[in-house]
Amino acid sequence: MSETATKFYVVKKGDNLNKIAATYGLTLDQILKWNPEITNPNVIQIGQRVRVSAPESSGEYQPFPGADFFVPDTASPIIEAMGNRLIEEHCSAYPGGPDDHWSDADRASYVKWQQKLGFSGKDADGIPGRNSWDKLHVPAVLTE
């Protein structure tokens, strides 16, 4: 597994994408490529998470942790990585972005992913299954 984790910046008052890019030695084009959810480079929100490093490109994805993993009170960086992938896939129901605790927002976002894949009814219940998980390509994360 890669020791280099994808890095994010949380937008503060007075920030803009050019300033964030310059702070991290990046170009605006890199920021926009790594953050496809940003459709207007002139509009970002305080508290928004902006990817400031290249997405994992090692081809290593997080193995499916099992449906029993996705229950209330579960906290893991795997959940946050999943949430960030759901945002990249335009399947977000997050009011302010994902974190490492399994939540109703994670479940609602995953429903959107399952529906995007063509699932419906009980197959789109918001609980990850192996098939939909493998298609999401969640980057492998260090869990220790």
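The values are calculated or read from the model by the stated rules, or taken from the named source; none is laboratory data. None of these values were measured; they are calculated from a predicted model. Cβ coordinates were reconstructed from backbone atoms using ideal geometry, including for glycine residues, and neighbour counts include every protein chain displayed. Ligands, DNA and RNA are stripped out before the accessible areas are found, and what is left, the full protein with its side chains, is counted by its heavy atoms. Shrake-Rupley method; radii C 1.70, N 1.55, O 1.52, S 1.80 Å.
For helix 77-88, report the angle its Cα long axis makes with the longest principal axis of the Cα atoms of the chain; keep it between 0 and 90° and round to the nearest 10°.
Long axis of 77-88 versus the principal axis of the chain: about 70 degrees.
Taking only Cα atoms, what is the 0 to 90° angle, nearest 10, from helix 104-116's long axis to the longest principal axis of the chain?
It works out to around 80 degrees.
With a 1.4 Å probe and all protein chains kept in place, how do Asp99, Asp68, Asp106, Asp29 rank by accessible area, largest first? Can you show the working numbers first?
Values: Asp99 75, Asp68 140, Asp106 0, Asp29 115 Å².
Per-residue accessible area, sorted high to low, gives Asp68, Asp29, Asp99, Asp106.
Excluding ligands, DNA and RNA, what is the solvent-accessible area per residue of the chain at a probe of 1.4 Å, expressed in Å²? All intermediate terms of the calculation are to be shown ahead of the outcome.
On the way: 8270 Å² over 144 residues.
Normalised by residue count, the accessible surface of the chain is 57 Å².
Check the straight Cα-Cα distances from Lys7 and name the lysines below 28 Å, setting aside those fewer than 8 residues away within the same chain.
Here the lysines satisfying the reach criterion relative to Lys7 are Lys19, Lys33, Lys112, Lys116, Lys135.
Place +1 on the Cβ of every Lys and Arg and -1 on the Cβ of every Asp and Glu in the chain, take the dipole about the Cα centre, and give the residue among Pro36, His101, Pro65 whose Cα lies farthest towards its positive end.
Result: Pro36, furthest along the dipole toward the positive end.
With each label point set 7 Å from Cα along the Cα-Cβ vector, what nm distance links Gln115 and Ser53?
3.4
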